[in-house]
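Let me begin by presenting the structure, written as structure tokens, before commenting on it.
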Amino acid sequence: MSKVRFDIRDRKVDVYGYAFTSISMDHCPFTEYQADDPDAINILVAHGNMLQKNAEDCPITLADIRSTNFDYIALGHIHQQHEINSEDDQWYGYCGSPEPRDFGETGWHGIFSVEMDKTEEGFLCKPAFVKMASRRYMVETLNVTGAEQSDAILEAVQTMLSQRDYGEETLLRIKFTGDVAPAAEVPVDAIRDLCGGLAYVEVIDETSPLFDYDYLAADPTIRGAYFRELLPKLRSIDAREREVAAMALRCGLSVLGGGELPEL
């Protein structure tokens, strides 16, 4: 592919780059050329994937980077910020994105401000992270196994919040996992009230009701019949089917026991 270069002569800096113009790219194009002026500060702006092997979105390896004579390789495509690394006098890394897009891009986002110089002693580089984002996405997974009442789940949220510095800049997803008593429903409204100072709160309930399966399997009443009907789905290899079956079991046993239908 053709080489694209922008030279900043008054600073003795050359900036190279290439475009990602197809749905997939199975090779790293910048290994095909070298910087023209070894005495200049040579920067490559490169879109590609250095984190996954056999990637179809321009795979980049450390060997690819070492094969070039660029001083600084500014990688893009991965939106999560990573450290800027060095190999001898060669620097490379992902800066992430200035603002996160969704819960797949957690933590503070920003840019790297990089001071560069090139002398007879070599290439000097001082990267410094600069926070830019006004909001941050965060994900918490709370294992509440053994909870017997909803209050225990709420206490787990309170403990988690006391250990964090979340404020009005935080969009928080809380995912609950574990085996809990049928009465231990995840109290969504109470959790949102508890997190009232945050910008946004999303609650995901992946808990499973902890029942005495042996007792229910032998129960001659309608409770046992209801359980036995759901049992194949409770043991399904499909996670979504198990989730729906567990919810149906929780609701059914609550109603059959004279209780109210749990909030879904």
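A few notes on this one:
- Check on ASP214, farther than 20 Å from GLU185 by Cα, loosely packed, with under 15 Cβ neighbours inside 10 Å and more than 34 Å from the chain's Cα centre (by Cα): yes
- GLU148 vs. criteria touching a residue at least 12 places away in the same chain (Cβ under 8 Å), in the same structural domain as VAL45 (by TED's automatic domain parsing), surrounded by 12 or more Cβ atoms within 10 Å (Cβ to Cβ) and within 30 Å of VAL188 (Cα to Cα): no
Quick grid of which residues meet (1) of a type outside the set (Gly, Ala, Ser); (2) under 30 Å from GLU169 (Cα atoms):
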residue	(1), (2)
ARG5	yes, no
ARG11	yes, no
SER22	no, no
ASP37	yes, no
THR61	yes, no
GLY76	no, yes
ARG101	yes, yes
GLY104	no, yes
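- The stretch 235-248, residues that are assigned to a helix (DSSP H, G or I) and at pLDDT below 85: ALA239, GLU243, ALA246, MET247
- Test: ALA40 is without any contact (Cβ under 8 Å) to a residue 12 or more places away in the chain and out of contact with any Phe, Trp or Tyr (no Cβ under 9 Å at 6 or more places or on another chain): no
- Residues being in a loop (DSSP other than H, G, I, E, B) and surrounded by 16 or more Cβ atoms within 10 Å (Cβ to Cβ) - total across the stretch 109-121: 1
- Hits in the stretch 1-18 (condition: under 23 Å from PRO59 (Cβ atoms), surrounded by 11 or more Cβ atoms within 10 Å (Cβ to Cβ) and not aliphatic (A, V, I, L, M)): LYS3, TYR16, GLY17, TYR18
- Some residue of the stretch 81-95 being under 27 Å from THR119 (Cα atoms), acidic (Asp, Glu) and modelled with pLDDT of 85 or more: no
- Residue within the stretch 134-142 that is in contact (Cβ under 8 Å) with a residue 60 or more places away in the chain, surrounded by fewer than 18 Cβ atoms within 10 Å (Cβ to Cβ) and of a type outside the set (Asp, Glu) present: yes
- Meeting the requirement of 2 or more residues that are buried (at least 21 other Cβ atoms within 10 Å of the Cβ) and in the same structural domain as PRO127 (by TED's automatic domain parsing), the strands (runs of 3 or more DSSP E) wholly within the stretch 19-103 are 41-47, 72-76, 90-94.
The values are calculated or read from the model by the stated rules, or taken from the named source; none is laboratory data. Note that the structure is a prediction, hence the values are computed from the model and not measured. Cβ: placed from backbone, ideal geometry, glycine included. Neighbour counts: every protein chain shown.
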